[in-house]
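For reference, the structure is listed below as structure tokens.
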Amino acid sequence: MKNYYGKLSSIIYNLTKPVGYSIDGDLEFYFEKIKTAKGIILEAGVGTGRMLIPFLRKGLQIEGIDSSSEMLQECQANVLRYNQETELIHGQIENFNFTKKYSAIIMPTGSICLIQDRTSVKNILEKYFDILEDDGQIIIDLIYPNYFKPNSEHEFDYKIDKNSFIKLKNISKEIDWINQKTSSHLIYEKYIDNELKETEVQNFDLNWYGMEEFKDMLLSAGFRNIEFIKNYGINRVLNLKTLTAIAKK
């Protein structure tokens, strides 16, 4: 399955982006935007809890949903490690039967760019509109392939403990300018005492969206008061890395 985080990729994500790790200032940015939320917040694509757990520790009512059971296992372990409690949902956002309304929905780190087709993204935005409270807001990160180099390969070794490590080979395959998509092939190999014990393959596609294109999608879903913020408002970052869409129901 494309873009699915399995056991080994979830371990690496948790290792390289631990709880409380801020990517280009996103933790601070998101907290400022949702700190006054009166009700429950939903983080879509919660992953291992990198953002969710610091917000729980700051007293926010926040829950998470993710399609990867392996990611949620890492997240649940992290929640317990930090002595927190919350609801973690395993499911696909567009198909899940939510039973509550949320005051805010956040989708950081370009998670929406992992959704494989634009029809599904439109369905997800409509779902967000449906499960938001009146006057609730969504905050969604869009990311761009500024540093993607087709036909390039990189290898990394990540130490797990004194006897084991995971080797990651990242193969950047191609960039499709017409369909606005990059394709990569990731191979994870777990070694114990220098003997290969487990392999995981991840076909990883990222889609990107123009600002006006995504604005039209938000308007079609019913949202209003739409604004976009470049690179979390950090002016010293010149290249466009992240465009954050904020909208109200």
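The values are calculated or read from the model by the stated rules, or taken from the named source; none is laboratory data. Fair warning: this is a prediction, and the values are worked out from it, not measured in the lab. Neighbour counts run over all protein chains shown; Cβ positions are idealised from the backbone, glycine included.
Annotations for the structure displayed:
- The one condition in (1) at pLDDT 95 or above; (2) on the phi > 0 side of the Ramachandran plot; (3) not assigned by TED's automatic domain parsing to the domain that holds D134 that K190 fails to fulfil: (2)
- K58 vs. criteria surrounded by fewer than 14 Cβ atoms within 10 Å (Cβ to Cβ), modelled with pLDDT of 95 or more, within 25 Å of K249 (Cα to Cα) and not acidic (D, E): no
- Yes/no for Q73 being out of contact with any Lys or Arg (no Cβ under 8 Å at 6 or more places or on another chain) and within 20 Å of I139 (Cα to Cα): no
- If you go through the stretch 153-180 and pick out every residue that is farther than 25 Å from K7 by Cα and in a strand (DSSP E or B), you end up with 3.
- Residue in the stretch 21-41 that is free of Cβ contacts under 8 Å to residues at least 60 places away in the same chain, under 14 Å from the mean Cα position of the chain (by Cα), under 21 Å from Y82 (Cα atoms) and assigned to a loop (DSSP other than H, G, I, E, B) present: yes
- Which listed residue, of I105, I112, is in a strand (DSSP E or B) and at pLDDT 95 or above: I105
- Just one residue in the set I160, I143 is touching a residue at least 40 places away in the same chain (Cβ under 8 Å) and under 30 Å from N97 (Cβ atoms); that residue is I143.
- Restricting attention to the stretch 214-237, the residues that are in contact (Cβ under 8 Å) with a residue 24 or more places away in the chain and either basic (K, R) or exposed (fewer than 13 other Cβ atoms within 10 Å of the Cβ) (or both) add up to 4.
- Residue in the stretch 191-213 that is surrounded by the fewest Cβ atoms within 10 Å (Cβ to Cβ), counting only those that are of a type in the set (S, T, N, Q) and more than 30 Å from I138 (Cα to Cα): N194
- Residue check: L240 meets all listed conditions (1) assigned to a strand (DSSP E or B); (2) surrounded by 13 or more Cβ atoms within 10 Å (Cβ to Cβ); (3) of a type outside the set (V, I, T) but one, namely (1).
- Y188 being part of a strand (DSSP E or B), crowded, with 17+ Cβ neighbours inside 10 Å and touching a residue at least 60 places away in the same chain (Cβ under 8 Å): yes
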